[in-house]
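Have a look at the structure below before the remarks.
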Amino acid sequence: MGPEEKAATIFNATFIRPAEFYLSGFSNIPHVEYFYVFLCFVYIMTVFGNGLLLTVIYLVKTLHTPKYMIVFNLALTDLCGSTALIPKLLDSFLFDRRYIVYEACLSYMFFVLFFGSVQSWTLVVMAYDRFIAICFPLRYHSIVTIPAIAVMLLFAWVFLLSLVSFTVGLIDRLSFCRSLVVNSFFCDHGPVYRLACNDTSLNYLTSYFAFIIIVCIPLVLIALTYVCISIALSRVASGEERVKALKTCTTHLILVAIFFLPIVGTNIAGLSSYIHPNARITNSTLTHTLPALLNPIIYSFKTKEVLNSIKKLYKSNKNKSISNNSNLRWPWHFRKRKRWHE
């Protein structure tokens, strides 16, 4: 009995909803267990790096600014996105539990797509912050305020929550009377809806619209902000001031490149030439997991404010532990001196 027969449950003569899907990713890849170990390492370091960044921003009051509010949001979505994807991925393939319940599949799809889309629009808000800082420096503190950034981020969360919920919800109207083998490493939207045997035109249009909203529009907006930044910097007379302004953008540009280039590259390569399914799946896995690992590392090493804050926290904790130890030892010394005087 194949995966399709084991997973299917027929509700009536015209509509078929599967009890389970079968994830076929990473099939026939030699020594694939080393890749799973690598993903486990990536997840551990992602949790550590983003957890550290979240803790530092929360504890250090000097980082309670609009800029680091955006960074906090990015670290949170990185952490949640990796947690939504990697543990289930390792459970499915490392322990050979490839069958996934229909409802769990839709939940899996929702959380991975939602946190990925929030990451994309967080980078847009970050670009807006850099645009105002360089093009309107005198008005920066009056325009980029904590309430303004909070409203922008909240709008992104609510809008993307609605969009992804609608996109995933449309899967529920489909009938699956063909193969139930999902050719991906998770319940990806495209590979799942293409398995349906009834009309999927609305699902296709929605996925196309979602791709434009989540990938294309953010890229265009980020590109436009940097065109405006370049024009503003070309009017600056001093070369040193230009370099100083550009340095404030390098971290954001690296984050944008890490997040968008693999996604765009994979889609262009898939449309222009044939990619082996295993190569596509491996590349997509790294596209979904590596940005969340690298983002906190880049912010820790490229931003002096974060580095100095980590050092201050370390020194303050060290001083507290020394003072606590000395307080614990003091009564014993006091008692010893008292006996000696007696």
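The values are calculated or read from the model by the stated rules, or taken from the named source; none is laboratory data. Only a predicted model underlies this, so the values are computations on that prediction, with no experimental measurement involved. Positions of Cβ are generated from backbone atoms using ideal geometry, with glycine treated the same way; all protein chains shown enter the neighbour counts. All accessible areas refer to the heavy atoms of the entire protein, side chains included, with ligands and DNA or RNA removed. Shrake-Rupley method; radii C 1.70, N 1.55, O 1.52, S 1.80 Å.
Between Val182 and Tyr22, Leu23, Ser24, the built amide H atoms are under 5 Å apart, and every one of these is 5 or more places off in sequence or on another chain. Assuming a ≥ b ≥ c are the square roots of the Cα gyration tensor eigenvalues, decide whether the chain counts as rounded (a/c under 1.5), prolate (otherwise, with a/b larger than b/c) or oblate. It is oblate, given that a/c is not under 1.5 and a/b is not larger than b/c. Across the stretch 113-204, Cα-Cα distances exceeding 18 Å account for 59% of all pairs.
Could you please state how large a percent of the accessible area of the chain is carbon and sulfur, counting protein chains only and using a 1.4 Å probe?
Percent of accessible area from carbon and sulfur atoms in the chain: 67.
Among the trypsin sites (Lys or Arg not before Pro) in the stretch 219-315, those located in a DSSP loop and surrounded by at most 15 other Cβ atoms within 10 Å of their own Cβ are Arg235. Near Ile16, the amide H atoms lying under 5 Å from its own belong to Phe176; only residues 5 or more places off or on other chains count, and H is placed 1.01 Å from N. Given the C-alpha centroids of the stretch 241-270 and the stretch 204-234, what is the distance between them in whole angstrom? What the calculation gives is 12 Å, centre to centre. Electrostatic tally near Asn198: other residues with Cβ closer than 13 Å to its Cβ, Lys and Arg +1, Asp and Glu -1, net +2.
Relative to the longest principal axis of the Cα atoms of the chain, the long axis of helix 32-59 makes an angle of roughly 40 degrees. Could you work out how far helix 66-93 tilts from the main Cα principal axis of the chain, as a 0 to 90 degree angle to the nearest 10? Once rounded, the angle reads 50 degrees. For the chain, the longest principal axis of the C-alpha atoms and the axis of helix 201-211 are separated by about 20°. The antiparallel fraction among DSSP beta bridges confined to the chain stands at about 75%. Taking every alpha-carbon pair within the stretch 58-104, the share separated by more than 11 Å comes to 74 percent.
Seen through its C-alpha gyration tensor, with square-root eigenvalues sorted a ≥ b ≥ c, the stretch 42-173 comes out oblate because a/c lies at 1.5 or above while a/b is not bigger than b/c. Among the trypsin sites (Lys or Arg not before Pro) in the stretch 172-223, none sits in a DSSP loop with a Cβ that has at most 10 other Cβ atoms within 10 Å.
Classify the stretch 152-262: rounded, prolate or oblate, from the alpha-carbon gyration tensor (a ≥ b ≥ c, eigenvalue square roots; a/c under 1.5 rounded; otherwise prolate if a/b is larger than b/c)? It comes out prolate by the Cα gyration axes. In the context of the full set of protein chains, the stretch 138-223 has a per residue accessible area of 50 Å² (1.4 Å probe).
Applying a DSSP loop filter and a limit of 12 other Cβ atoms within 10 Å to the chymotrypsin sites (Phe, Trp or Tyr not before Pro) in the stretch 192-257 leaves nothing.
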